[in-house]
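Participant: Once you've had a glance at the structure underneath, I'll fire off some questions.
The values are calculated or read from the model by the stated rules, or taken from the named source; none is laboratory data. Model, not experiment: these values are computed from the prediction. In this analysis, Cβ positions are derived from the backbone assuming ideal geometry, glycine residues included, and neighbour counts consider all displayed protein chains.
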Amino acid sequence: MKKITFYIMLFMCSFAFAQQQNVTYTVAPSTFEENQNITITFNGNSINEATWGVTTNSLYLWAWSYDVNLTNQQDCPTNGAWTASSETNKLSYNSSNDTYSISFTPTTFFQRNGIGRIGFLIKAKNGDGNKKSQDILLNVGSFQVTLTSPQQNSTTILTTGGSLNISATNSGGNASYNLIANGASINTNVDTSNYLFTHSNITSNQNYKLEVTLAGTTITKLFSVVIKPTTISATLPSGMIDGINYNTSDNTKATLVLDAPNKDFVDVAGTFNNWEPNSNYAMKRDPTTGKFWLELTGLVSGQTYTYQYWVFEKTPITNSPALVKTADPYSTLVLSPFDDPYIPASSYPNLPAYPAGQEREVTVLQTGQTPYNWQVNNFTKPKKEDLIIYEVLIRDFDSDRNYQDLIDRIEYFKNLNINAIELLPVMEFEGNESWGYNTSFHMALDKFYGAENKLKEFIDLCHQNGIAVILDVALNHAYGRNPMVRMWMDDPDGDGWGGPSSENPYFNTEARHSYNVGSDFNHSNAITKAYAKRIVKHWIEEFKIDGFRWDLTKGFTQNCTANDEGCTNAYQADRVAVLKEYADYSWSLDPNHYVIFEHLGSENEEKEWANYKYDEGKGIMMWGNMNRAYNELTMGYTADISGIGHKSRPQFQGLRVIGYAESHDEERLMYKNLMYGNSTNSVHDVKDLNTALSRMSALGAVTLTVPGPKMIWHFGELGMQNSIFTCNDGTLNIPDAPLEEGGDAGNPPGDCKLATKPQPQWTQNWLGDTNRNKVYNDWARLIKLKTEEDVFEGDYKINTNTLTPSIEIFNNALPGSSLKNVIVLANFDVTSKTLNTTIPSGETWYDLMDDTGKTSYNQATISIAAGQFRIFGNKPSTLSTDGFESTSSFTLYPNPSNSRFKVNRDFNGLDIYDLTGKHIKSFKGNFTQKDSFDVSDLDQSLYVIKINDYNGHVSTSKLIKM
């Protein structure tokens, strides 16, 4: 069957799945050659367009083709994207008889010759939410071959000396048959359309190829035989865990362990046995645990090997295969024939080659690897209440779409003053350009982003700069390439892909909650829990990951059905128990590990997690989505923003809500400002770009300052206005009904939501734009206040449901001589407003956005311009003068400069950065005031100059290059 999960970059949304539809159709002519024009007609009575939200009869053909051997599959070049079908494939609608149709010539339509079969389905233009019919397959050509016994691509298990009956028929006339076994012809038959042969006394594994030739065309059918080995019962050596166990004292050995309940025997095939396993590579079975294991010997230290498990079941249940070839579920590096050819060498240098002649993913094994040399081994994490998390999708952060991009931009993160970075899933996922939630191997890194040591380098660099790293993990579901799906799969057409079968110990056959995508993990099973905990252990211990954001935690129940949203949202004790168990396991490995749940909606379970072991300094943090309310404000409409903090959830003991105005799942605030903003005042028109940007600093003031952890979605700090539905070419494609002006910041699924985004923030030098730079710098100042002033670890009151919200922040545990009271005032109206300051009579308070700490105010009211804010404290901030530009430590001259400059002091190192924080060049040595520095090769721009003196102090200034 056609597995569309290769193309859908699935993600967590709250829409229900529609049932796949069986459509009726006719093909004219019924038998056709590849160079004949055909017409496919669908009966409209068999299609319920309303279930897909289809209007104006807009249905599309999604098609693919196979070669004559039915092995090489290719998508139709005119399909378009799954979430944005091409208009070329739109079906014509005939209202007189309620039919849809499309006509084409296969060789032209599929742009290939030698077509043996075509496949297709019909779908809504936007395929999200399973808006498609079931797959349809049609044979092409009058010459067809049917392998009646055994099944094509099947593996038959025999005892040694057994026999195999082979039979096939063909249409189109008498043909010539040639049966090849292990590369040698063992039987021929000519001038027949009905082939029969018995291969007797088979004592070794056989790979068969039946070649059938008629009028110069040859069709090949493949199948195989495996001689059942004797599975040796042997105790698993102590200390062995699932996956690869490297021998720490002998690099010529490694032990493989596989937990495969209900399977009869397992062979290990790989480069070490030329992918032809014999009895020496049959895995032993532990009599107590039932786990299979095998010690490999004779390995060469440092050499790269690849392998698969060939997993056999003598009497499989209906529609399940006897043999599944799969990579190791616990792989830390897998090679993929589907994705690897498209991975840039610049992102993953020296990527091992995929082994020729194999199929599907393989695992990489290498003894004698040099461990990464960590510079920071005992990182002190920022306090939970101080967290400012920066959410990043690596694919869309910078043009190279890899870990090196993040490394190169470390100054950008540091200058923004964030103290945590959360990466959308980086585990091996299906395809390359994905959000990552379609994970297939949970312990392997996706190679599209770079090699393992590059991620470790980034994490190490973050830790050196006080920044924690959090991973987004999708352990609610998996997809068709996942080994645990495939080893126990339902595969009626024998193509090697399918959903979980009824004997699958890891997955449900039907989802047990209403938000499912992919195959639903069953977290009530001990084997699934062991797998999840192993993943947690791997990332904490091997990569020093500081925390996990658990995706779609509502899916961790077994009590509901796919169509019962009420049940899914209700309190489920099994879900509470298993998620607490996972949190406990994380804390057993790292007592300060961040545990974050995406459990959006009702709070009947969130309170238990927030309060869980809170008195021990733990507690679980929850995502707090405030996109709609804050977007109302930035657009210029009244909204209630009280949900940004813990006080809107009074049952919480502590500050455990990660409030945010934007995340990867919501529409961009700036996009909606420009589309639907309040434009009643021509002087302050929110639909004007610069006006809308000017309001984003105020957004930061009324989000980031509220006590408790907060989150930023990348480039919100630069006023990113590109819609989440921006396509990779920069166009916009939102097929759903437009959002209502002035009041709806919802999140409808739409085309191009998951598309790779353009990079205007770098290509257009947004940091060099005065209006965007102000937002960045204002947020940086607010974040620095939040993370370094103890008052923001206190309590707060919000005056909301107004266009002029105010926030009072106080920490009564602090002495009166310190900054212990803060007032934030903001005006989101489109006209200037006079607001009460609430400053006590007779007191002088200080403007906390003033780096000098000198600006004070003591009046009862203050006028605040449209879209602006003020933040006052009872004392000046203790923050030092802005470290981004030193005012007295050194001077650059001439400044501006067109070729060379000097420094008015002695030092031993100078570094130049552009305004994005990217490192440009370095000068190392013992420099005096007489030395000059060449910048003639730099573009005209503003640069940051950092010098290191002989005492290890770092000072910073700016240079204008003319």
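Rundown of residues vs (1) among the basic types (Lys, Arg); (2) modelled with pLDDT of 95 or more; (3) within 20 Å of Val576 (Cβ to Cβ), yes/no style:
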site	(1), (2), (3)
Ser501	no, yes, no
Phe521	no, yes, yes
Thr528	no, yes, yes
Lys533	yes, yes, yes
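Participant: I'd like to check something: does region 501-518 contain any residue that is β-branched (Val, Ile, Thr), over 29 Å from Arg401 (Cβ atoms) and in a loop (DSSP other than H, G, I, E, B)? Show your work before the answer.
Facilitator: Step one: of region 501-518, the residues β-branched (Val, Ile, Thr) are 509, 517.
This time we only want the ones that are over 29 Å from Arg401 (Cβ atoms), so: 509.
When the remaining residues are screened for being in a loop (DSSP other than H, G, I, E, B), the result is 509.
Scanning region 501-518, I find at least one residue that is β-branched (Val, Ile, Thr), over 29 Å from Arg401 (Cβ atoms) and in a loop (DSSP other than H, G, I, E, B), so the answer is yes.
Participant: State which residue pairs qualify: first residue farther than 25 Å from Gly431 by Cβ and inside region 752-779, second residue among the polar types (S, T, N, Q) in any location, beta carbons under 7 Å apart, and separation of 6 or more residues or different chains.
Facilitator: Correct list of pairs: Leu767/Asn773; Leu767/Thr916; Gly768/Ser941; Asn771/Asn690; Asn771/Ser694; Lys774/Ser697; Val775/Ser697; Asp778/Ser697.
Participant: When you go through (1) farther than 19 Å from Tyr660 by Cα; (2) assigned to a helix (DSSP H, G or I); (3) out of contact with any Asp or Glu (no Cβ under 8 Å at 6 or more places or on another chain); (4) not small (Gly, Ala, Ser) one by one for Trp762, which number turns out not to apply?
Facilitator: Looking at each condition in turn, Trp762 falls short on (3).
Participant: Tell me, which strands (runs of 3 or more DSSP E) lie completely within region 843-962 with 2 or more residues that are under 30 Å from Pro815 (Cα atoms)? Before the answer, list the steps.
Facilitator: Details: elements: 845-847, 861-864, 869-873, 900-903, 907-914, 919-927, 932-934, 941-948, 954-961.
Fully inside region 843-962 and qualifying: 845-847, 861-864, 869-873.
Participant: Okay, next question. Would you confirm whether or not region 225-248 contains a residue that is under 30 Å from Gly173 (Cα atoms), touching a strand residue (DSSP E or B) at 6+ places or on another chain (Cβ under 8 Å) and either among the β-branched types (Val, Ile, Thr) or part of a strand (DSSP E or B) (or both)?
Facilitator: Within region 225-248, the subset under 30 Å from Gly173 (Cα atoms) is 225.
When the remaining residues are screened for being touching a strand residue (DSSP E or B) at 6+ places or on another chain (Cβ under 8 Å), the result is 225.
From the residues that got through so far, the ones that are either among the β-branched types (Val, Ile, Thr) or part of a strand (DSSP E or B) (or both) too are 225.
Yes.
Participant: Check Leu848, Leu825, Leu892, Leu879 and return the single one that is touching a Phe, Trp or Tyr at 6+ places or on another chain (Cβ under 8 Å) and either at pLDDT below 90 or surrounded by fewer than 17 Cβ atoms within 10 Å (Cβ to Cβ) (or both). First the steps, then the outcome.
Facilitator: Values: Leu848 fails: either at pLDDT below 90 or surrounded by fewer than 17 Cβ atoms within 10 Å (Cβ to Cβ) (or both); Leu825 fails: either at pLDDT below 90 or surrounded by fewer than 17 Cβ atoms within 10 Å (Cβ to Cβ) (or both); Leu879 fails: touching a Phe, Trp or Tyr at 6+ places or on another chain (Cβ under 8 Å).
Among Leu848, Leu825, Leu892, Leu879, only Leu892 is touching a Phe, Trp or Tyr at 6+ places or on another chain (Cβ under 8 Å) and either at pLDDT below 90 or surrounded by fewer than 17 Cβ atoms within 10 Å (Cβ to Cβ) (or both).
Participant: Right, here's the next one. Could you grab me the full set of residues in region 851-876 that are at pLDDT 90 or above, surrounded by 16 or more Cβ atoms within 10 Å (Cβ to Cβ) and under 43 Å from the mean Cα position of the chain (by Cα)?
Facilitator: Ile864, Ala866, Gly867, Gln868, Phe869, Arg870, Ile871, Phe872, Gly873, Pro876
Participant: Please go through (1) farther than 25 Å from Asn504 by Cα; (2) touching a Pro at 6+ places or on another chain (Cβ under 7 Å) for Ala322 and return the number of the only condition it doesn't satisfy.
Facilitator: (1)
Participant: Would you pick out the residues in region 546-562 that are within 17 Å of Glu598 (Cβ to Cβ) and assigned to a loop (DSSP other than H, G, I, E, B)? Reasoning before the result, please.
Facilitator: At the first step, the residues of region 546-562 found to be within 17 Å of Glu598 (Cβ to Cβ) are 547-557.
Correct list: Asp551, Leu552, Phe556, Thr557.
Participant: Can you tell me how many residues in region 822-834 are in a strand (DSSP E or B) and within 44 Å of the chain's Cα centre (by Cα)? Walk me through how you get there before you give the answer.
Facilitator: Residues of region 822-834 that are in a strand (DSSP E or B), as a first pass: 822-826, 833-834.
From what's left, within 44 Å of the chain's Cα centre (by Cα): 822-826, 833.
So the answer is 6.
Participant: Does region 167-177 contain any residue that is of a type outside the set (D, E, K, R), outside any strand (DSSP E or B) and buried (at least 16 other Cβ atoms within 10 Å of the Cβ)? Full working, then the answer.
Facilitator: Applying the first criterion (of a type outside the set (D, E, K, R)) to region 167-177 yields 167-177.
Adding the requirement that they be outside any strand (DSSP E or B) leaves 171-174.
Now restrict to residues that are buried (at least 16 other Cβ atoms within 10 Å of the Cβ): none.
Looking through region 167-177, none of the residues is of a type outside the set (D, E, K, R), outside any strand (DSSP E or B) and buried (at least 16 other Cβ atoms within 10 Å of the Cβ).
Participant: Here is a further query. Is it the case that Gly183 is without any contact (Cβ under 8 Å) to a residue 60 or more places away in the chain and either surrounded by fewer than 20 Cβ atoms within 10 Å (Cβ to Cβ) or on the phi > 0 side of the Ramachandran plot (or both)?
Facilitator: Working: without any contact (Cβ under 8 Å) to a residue 60 or more places away in the chain: yes; either surrounded by fewer than 20 Cβ atoms within 10 Å (Cβ to Cβ) or on the phi > 0 side of the Ramachandran plot (or both): yes.
Yes: the conditions hold for Gly183.
Participant: Just to be sure I understand, how many residues within region 670-722 are small (Gly, Ala, Ser) and part of a loop (DSSP other than H, G, I, E, B)?
Facilitator: Selection size over region 670-722: 5.
Participant: Would you point out the residue of region 292-309, among those that are outside any loop (DSSP other than H, G, I, E, B) and touching a helix residue (DSSP H, G or I) at 6+ places or on another chain (Cβ under 9 Å), that is nearest to Trp488 (Cα to Cα)?
Facilitator: Among those residues, the one meeting the criterion is Tyr309.
Participant: Given the structure, is Tyr390 over 13 Å from the mean Cα position of the chain (by Cα), among the hydroxyl-bearing types (Ser, Thr, Tyr) and closer than 20 Å to Met711 by Cα?
Facilitator: On the way: over 13 Å from the mean Cα position of the chain (by Cα): yes; among the hydroxyl-bearing types (Ser, Thr, Tyr): yes; closer than 20 Å to Met711 by Cα: yes.
Answer is yes for this residue.
Participant: Report yes if Tyr531 is farther than 18 Å from Ala260 by Cα and either part of a loop (DSSP other than H, G, I, E, B) or not charged (D, E, K, R) (or both), otherwise no. Please lay out each step first, then the result.
Facilitator: Values: farther than 18 Å from Ala260 by Cα: no; either part of a loop (DSSP other than H, G, I, E, B) or not charged (D, E, K, R) (or both): yes.
So Tyr531 fails the test.
Participant: With closer than 27 Å to Ile620 by Cα, under 29 Å from the mean Cα position of the chain (by Cα), at pLDDT 95 or above and crowded, with 24+ Cβ neighbours inside 10 Å as the only criterion, which of Met711, Met696, Met670 stands out? Before the answer, list the steps.
Facilitator: Values: Met696 fails: closer than 27 Å to Ile620 by Cα; Met670 fails: closer than 27 Å to Ile620 by Cα.
Just a single option satisfies the conditions, and that option is Met711.
Okay, residues lined up against (1) of a type outside the set (D, E, K, R); (2) within 29 Å of the chain's Cα centre (by Cα); (3) surrounded by fewer than 17 Cβ atoms within 10 Å (Cβ to Cβ):
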{"site": "Glu34", "(1), (2), (3)": "no, no, no"}
{"site": "Asn37", "(1), (2), (3)": "yes, no, yes"}
{"site": "Thr41", "(1), (2), (3)": "yes, no, no"}
{"site": "Ile47", "(1), (2), (3)": "yes, no, no"}
{"site": "Ala50", "(1), (2), (3)": "yes, no, yes"}
{"site": "Leu61", "(1), (2), (3)": "yes, yes, no"}
{"site": "Gly80", "(1), (2), (3)": "yes, yes, no"}
{"site": "Ser85", "(1), (2), (3)": "yes, yes, no"}
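Participant: Let me ask something else about it. Filter region 495-554 for residues that are more than 18 Å from the chain's Cα centre (by Cα), within 30 Å of Asp460 (Cα to Cα) and β-branched (Val, Ile, Thr) and give the result.
Facilitator: Across region 495-554, the qualifying residue is only Ile540.
Participant: Please find, within region 1-32, the residue that is nearest to the chain's Cα centre (by Cα) out of those that are part of a loop (DSSP other than H, G, I, E, B) and modelled with pLDDT of 85 or more. Explain how you work it out, then say what you get.
Facilitator: Here is the first cut: in region 1-32, the residues part of a loop (DSSP other than H, G, I, E, B) are 1-3, 7-20, 22-24, 29-32.
Then drop every residue that is not modelled with pLDDT of 85 or more, which leaves 23-24, 29-32.
Working: Val23: 34, Thr24: 37, Pro29: 45, Ser30: 44, Thr31: 44, Phe32: 43 Å.
Only one residue tops the list, namely Val23.
Participant: Can you name the condition, by its number, that Trp609 falls short on among (1) touching a strand residue (DSSP E or B) at 6+ places or on another chain (Cβ under 7 Å); (2) loosely packed, with under 15 Cβ neighbours inside 10 Å; (3) of a type in the set (Phe, Trp, Tyr)?
Facilitator: (2) is the only condition that Trp609 fails.
Participant: Please specify each residue of region 463-493 satisfying the condition of being outside any strand (DSSP E or B), under 17 Å from Ser440 (Cα atoms) and not hydroxyl-bearing (Ser, Thr, Tyr).
Facilitator: Within region 463-493, the first condition is being outside any strand (DSSP E or B), and the residues that meet it are 463-467, 474-476, 479-488, 491-493.
From what's left, under 17 Å from Ser440 (Cα atoms): 474-476, 479-488.
If the condition is that a residue be outside any strand (DSSP E or B), under 17 Å from Ser440 (Cα atoms) and not hydroxyl-bearing (Ser, Thr, Tyr), then Ala474, Leu475, Asn476, Gly480, Arg481, Asn482, Pro483, Met484, Val485, Arg486, Met487, Trp488 are the ones that fit.
Participant: Being more than 22 Å from Met443 (Cα to Cα), basic (Lys, Arg) and either surrounded by 16 or more Cβ atoms within 10 Å (Cβ to Cβ) or within 24 Å of the chain's Cα centre (by Cα) (or both) is the filter here, so list the residues in region 346-387 that pass it.
Facilitator: Lys381, Lys384
Participant: Follow-up question, since we're still on this one. For Asn262, which of the numbered conditions (1) over 18 Å from Ala322 (Cα atoms); (2) touching a residue at least 24 places away in the same chain (Cβ under 8 Å) fails to hold?
Facilitator: (1)
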